[in-house]
Amino acid sequence: MKQCPTCKAKYAGKRICHRCKTDLGILTDIEDSAKAHLENAVAAFVSKDFNSMFFHAKRSCSLRRTPEAAKTLACASLLVSRFNLAVDEWSSVNRMMRQLQRANEE
């Protein structure tokens, strides 16, 4: 999280926004959980447990959709023969990357 979703103040790493006093703790907990699931997906890949990789990658994407999480889910989908989902996720990654590129150009 780069900024408070309520007042757009720069995120200072605390659970309460310094400007509007919004509780950001729930959002940071969700981000932390998404990161943990992504790490678990990568660990499952290393141990060749592709069903577990798919579960954790899907959970990570459902909590916080990032290009890295979507790429991991696309790969996991291929490994468990969910080809339609893999194509959808890869298309999603491409859309996200184009949006990020446009945002950086502005």
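Please treat every number below as a calculation from the coordinates, not as lab data. This one's a predicted model, so the numbers in the text were calculated from it and none came from an experiment. With ideal geometry, Cβ positions are generated from the backbone for all residues, glycine too; neighbour counts draw on all protein chains shown.
Can you pull the one-decimal nm distance between simple spin-label points at E39 and L27, each 7 Å off the Cα toward Cβ?
2.2 nm
Past the 24 Å Cα-Cα mark, which pairs from K10/K35; K2/K35; K10/K71; K2/K71? Can you show the working numbers first?
Working: K10/K35 21 Å; K2/K35 16 Å; K10/K71 28 Å; K2/K71 22 Å.
Checking Cα-Cα distances, K10/K71 exceed 24 Å.
Positive end of the charge dipole of the chain (Lys, Arg +1 and Asp, Glu -1 on Cβ, about the Cα centre): tell me which of A69, A34, I16 has its Cα farthest that way.
So the residue we want is I16.
Per residue and in cubic angstrom, what volume does the convex hull of the Cα atoms of the chain have?
Per residue, the Cα convex hull of the chain comes to 101 Å³.
At a Förster radius of 25 Å, what calculated FRET efficiency corresponds to the Cβ-Cβ distance of V87 and D49, to the nearest 0.05?
Details: r = 23 Å, r/R0 = 0.93.
Computed FRET efficiency for V87 and D49: 0.60.
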